[in-house]
Amino acid sequence: MKRREIIRNIGLLPLGGTLLGSVFPGKWIQASPSDQKAGRNLLKELGVRTFINAAGTYTSMTASLMHDEVVAAISQSAKEFCMLNEVQDRVGERIAQMVHSEGAMVTAGAFSALTLGMAGILTGTDRKKIKQLPHDLEQSGIKSEVLIQKGHFIGYEQALHNTGIKLIPVETPGDVDRAVNEKTAAMFFLNCNTPDGQIKHEEWLELAKKHSLPTFIDIAADVPPVSNLWRFNDMGFSLVAISGGKALRGPQSTGILMGKKDLIEAAKLNNSPYGTTIGRGMKVNKEEMLGMYAALEKYINQDHDKEWKIWEDRVAVINNAIKNIEGITTSVVVPPIANHTPTLHVKWDKDKVKISQKDFLQRLRDGSPSIEVMGNKEDGFNATVFMLNPGQEKVVAKRLREEFLNAAK
Ligand SMILES: *Cc1c(COP(=O)(O)O)cnc(C)c1O
C-alpha cells in the first residue's frame, strides 16, 4: 500500500477511546491508596481504550512504545533543571556523529523538523527575517519558492507551506531549470515517493548543485533500514527530516532535523525557547531531547537482522492461523520505502466469509483484548508486527482466526 492510500484509509480509524469510556463511565475513578503506591493507571481511571497495535506507527494510535532506556532517560532528567539550549546542543552534537551530519537538533516530530528546517533556509540567523515568517516573504527580501516534484505531494508538504513559501511543482530536469529564479529558496524531495517522481535523488542533488540551491529530504517513516539514518547525509542533502516516534521508538512527539551546521543553527533560532518565532509553539523539553537521543542510540546498536527474523516469525504465526480458511487470501509483502517491515495483506471473498471490512475491524476493536489493524483499499486489511510486544502475535492470530471462522459459518 502506498503512502497516499494509507493516508486515504485514515478515514477508517476509530474514534479512539469513546467506546469503553461510554460503557463503563467512572468505573475506575476511585483509585485506592494502595493503587496509588503501585502506580496509578490513568488510562484505566479515565476509561481510555488500550489495544494491541498490529496496524503500525500511526500518530492517531500513539504510534510507538518507548523502550525502558528511553523512559529512564525521561524520568531521570525530569528531576533536574538545566539550560535548554545546552541540552539541545550537546544532544545535537552526539546525534550528528551517529548520523554522519554536521549538525542535528531534536524537533517536535518530522513535521516540525520540516517547518523549522525550511524556516532556517529562509532566514539564516537574521532575527528580523525570523520574526517576519510566515508573512510577506517577498516584500521582506526573503526567498519564497520551493521546488517539489508533482509526485511528491502527499499532504505533509504543508509543513513547508507553514513558513509562508510557495511550492512550485516540477516534473522534468528541464522544468527545474525553467522554474529556478531569484526567489527560489530550496529543492524539496519526498523519499517515500521516490518512484512517483521522474527525478531520482542523485539527479535532484545535481540540479540543486548546478543552481546553488539547498536540498531538503523528508524520510519521516523510512527506517528501517537503519542505514537510511545516514544515507541521505552521505549523499549530500543539505537537510534531512525524520520522525522520532515511528520505528525509532523515541518519544512520539519528537523528530530529528539533521544536516549542514549553519542551517541547523538557523533552524534552532526559529524554534522555542525564542519568542516571536514560527517554532515557539513546537516546544521540545529536555526530557524529549534526551529520550530521543537514548532511543536513537538503542536503535542504531540493536541487532537488526535478529529483529527482522523476529518480525518474519510473527507474521508467519498470524498468516498460518488464517491462510487456509476458505475464502481468505493472504500475502506477505515488504513495502520498499517507508514502513519497510514484513506486512500481512489479508482479503476475503465476501460470499464465503460474510462480513464487511468495516464490521471485521470493529469486531477486532471491540474484542478482548482490543486489536487494531489497518483497513486497505482492497476491502481487506494490512497487519504489521513491528509494534507488537513479544507474544502478542499469538493473540492477534487467535482473534483473527476466531472472527473469520465465525463469519464463514
Ligand atoms: C509521519 C510523516 C510525517 C510527519 O511526521 P511526525 O513525526 O508525525 O511529525 C512527515 N512526512 C512523512 C512522509 C511521514 O510519513
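Table for the structure above
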quantity: In segment 256-344, trypsin sites (Lys or Arg not before Pro) in a DSSP loop with at most 14 other beta-carbon atoms within 10 Å; calculated: ARG280, LYS283
quantity: Theoretical gain in end-to-end length, ASP366 to LEU46 [0.36 nm per residue, Cα-Cα removed]; calculated: 113.4 nm
quantity: Theoretical ellipticity at 222 nm over the chain - DSSP helices of four or more residues, -39500 (n - 2.57) apiece, nearest 500; calculated: -12000 deg cm²/dmol
quantity: Net charge of Cβ neighbours under 15 Å - reference ILE264; Lys, Arg +1; Asp, Glu -1; calculated: 0
quantity: Extension gain from ASN301 to SER212, taking 0.36 nm per residue of separation minus the Cα-Cα distance; calculated: 28.4 nm
quantity: Net length gained if the chain between GLN158 and GLU86 were fully extended (0.36 nm per residue, minus Cα distance); calculated: 22.9 nm
quantity: Those lysines that a straight Cα-Cα span of less than 26 Å connects to LYS354, excepting residues fewer than 8 apart in one chain; calculated: LYS323, LYS377, LYS394, LYS398, LYS409
quantity: Positive-end extreme of charge dipole, segment 282-409 - chosen from SER356, VAL317, ASN389 (charges on Cβ); calculated: SER356
quantity: Charged-residue dipole, Cβ positions (Lys, Arg, Asp, Glu), segment 82-301 about Cα centre, Debye nearest 20; calculated: 500 debye
quantity: Percent antiparallel among DSSP beta bridges (both partners in the chain, rounded to 5); calculated: 55 percent
quantity: Shape call, segment 304-408: gyration tensor on alpha carbons, a/c limit 1.5; calculated: prolate
quantity: Estimated Rh, segment 70-155: Kirkwood, alpha-carbon pairs, angstrom; calculated: 15.8 Å
quantity: Under 20 Å from the LYS261 label point (7 Å along Cα→beta-carbon), backbone N, segment 193-214; calculated: 214
quantity: Too-long pairs where the Cα-Cα distance tops 28 Å, listed order kept, from LYS210/LYS286; LYS209/LYS283; LYS150/LYS309; LYS306/LYS358; LYS246/LYS306; LYS79/LYS268; calculated: LYS210/LYS286; LYS209/LYS283; LYS150/LYS309; LYS306/LYS358
quantity: Inverse of mean 1/r across different Cα pairs in segment 210-315, Kirkwood, Å; calculated: 15.3 Å
quantity: Karplus-derived HN-Hα couplings along segment 390-398 (A = 6.51, B = -1.76, C = 1.60, θ = phi - 60°), whole Hz, x at Gly and Pro; calculated: x, x, 5, 4, 5, 5, 4, 4, 5
quantity: The chain - charge dipole about Cα centre, Lys and Arg +1 at Cβ, Asp and Glu -1, debye rounded to 20; calculated: 1020 debye
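The numbers here are math on the coordinates, done by the rules we state, and not lab data. In this text, all values refer to a predicted model and were calculated from it rather than measured experimentally. In this analysis, Cβ positions are derived from the backbone assuming ideal geometry, glycine residues included, and neighbour counts consider all displayed protein chains.
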